[in-house]
Amino acid sequence: MTVKTIASIVGARPQFIKAAPVSRALASNFKEVMIHTGQHYDYEMSDLFFEEMDMREPDFNLGVGGGSHGEQTGRMLIESEKVIADLKPDCILVYGDTNSTLAGALVAAKVGIPLAHVEAGLRSYNRAMPEEVNRVLTDHVSSLLFCPTDAAVKNLEKEGITKGVHQVGDVMYDALLHNLELVRNRLSLLSQLGVKKGEYALATVHRAGNTDNQNNMQSILNALGALRTKVIFPVHPRTRRMINEWGNAINSNISLIEPLGPLDILQLQENASCILTDSGGMQKEAYLLGVRCITLREETEWVETVSTGWNKLAGVNAQSIQNLFEKWQPEGERPFLYGDGHAAEKIRQILLKELK
Ligand code: UD1
């Protein structure tokens, strides 16, 4: 039997994390060619992830970099089509909801190659988020839709998508279990940062809706500054640029640090008293680790983290954030919502069957 070729298209931090377990699983049956769009290009935003998770380097890097969303997505489409035309893979695999995901999906549709989407069916129902548009469009041109949750399957059903849909669990849970093992062999970042388990909060902010709005960003920083705890805040390049541009006031309890690799951030997540974030992945990781999460958005795709009582949607209102931090502790159970840690293996088996 000839070995089938799968072209994986990645480009941004969360995709490297999701691709790691899937690549490991695919290695036994497929030839996987990894195409990095270059959406994330700083060492801390890209190379560090490949190094820490022991992934081989991508086979192609399209070097697309930043720019406006249209420009960035357009360049990815142009460059990835050239690679795909030469490679002629049997399937294109994309992850999540970034501009790299959409570019990969469009290339598959234009060239006529089956598209598989890992993390299909997620919806925030907020079309102002670029990620929401990327998700919806990608799902509608996918032949195989790997959903992480039952809610995701239902969302697709509502849009008339039922064919090729598989609830496999969440590859981020696979990644988390694997990465927790790797964290055990590392030096403690906590002592380097001068904090102890349970005695600090971890914050991240990178959504355009927050970073690109001066009032929202200042409101979040005011809230963090008013917390009676140390706040460790690894700063995304976009956020750093906006904070510098606006000269936002930063209280002394907040430590702004460089973006962290997947293992260091995991260490800080695991030991934090609370995670305050606008990241989707961090909300879910907080749940899986049993750490309470205050989400700095009005809505979430990871609705189960809220309904089980482990995540609160605070938006950017400084008083709400502060009240939740001081008064709220989760009480509910944490059922297994995101699979059994073998989502990547299930994806491998389905691809084997479907690409026969
Ligand atoms: C992207 C995804 C988002 C995901 C996030 C993870 C889209 C629409 N959004 O957002 O869903 O949660 O990645 O981090 O795709 N920059 C650097 N160095 C880098 C990367 C980015 O300086 O290594 C700068 C860019 O030049 C740009 C800004 O940061 O000005 C934003 O980067 P961009 O790739 O547009 O999107 P993210 O905000 O990272």
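Every number here is computed from the coordinates shown, using simple stated rules; none is lab data. Only a predicted model underlies this, so the values are computations on that prediction, with no experimental measurement involved. Glycine also receives a Cβ, built like all others from the backbone with ideal geometry; neighbour counts cover every protein chain displayed.
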List the extent of the Cα atoms of the range 275-341 along each of their three principal axes, largest first, rounded to whole Å.
38, 21, 16
Three semi-axes of the equivalent ellipsoid, the range 223-356, Cα gyration tensor, whole Å, largest first
31, 19, 13
The local net charge around T162, scoring Lys/Arg +1 and Asp/Glu -1 for residues other than T162 whose Cβ lies under 13 Å from its Cβ, equals 0
Return the distance in nm (one decimal) between the two label points of a simple spin-label model at L187 and S68, each offset 7 Å from Cα along Cα→Cβ.
4.6
Ranking of D59, D54, D174 by count of other Cβ atoms within 10 Å, fewest first:
D54, D59, D174
Which order do the peptides 271-279, 245-253 take when ranked by the mean count of other beta-carbon atoms within 10 Å per residue, highest first?
271-279, 245-253
Using θ = phi - 60° and the Karplus form 6.51 cos²θ - 1.76 cosθ + 1.60, what ³J(HN,Hα) does each residue of the range 248-256 get, whole Hz, x for Gly and Pro?
4, 6, 10, 6, 6, 6, 9, 9, 7
What ranking do S143, S8 get, fewest neighbouring Cβ atoms within 10 angstrom at the top?
S143, S8
With the radius of gyration and the Kirkwood radius both derived from the Cα set of the chain, what is their ratio Rg to Rh?
0.95
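Taking the square root of 5 times each eigenvalue of the Cα gyration tensor, what semi-axes in Å does the equivalent ellipsoid of the range 1-128 have, largest first? Write out the running numbers ahead of the final one.
On the way: eigenvalues 83, 64, 46 Å².
Here the semi-axes work out to 20, 18, 15 Å.
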Over the range 232-284, what per residue volume does the convex hull of the Cα atoms give, in whole Å³?
94
Footprinting proxy, S142, S219: sorted fewest to most Cβ within 10 Å, the residues are S219, S142
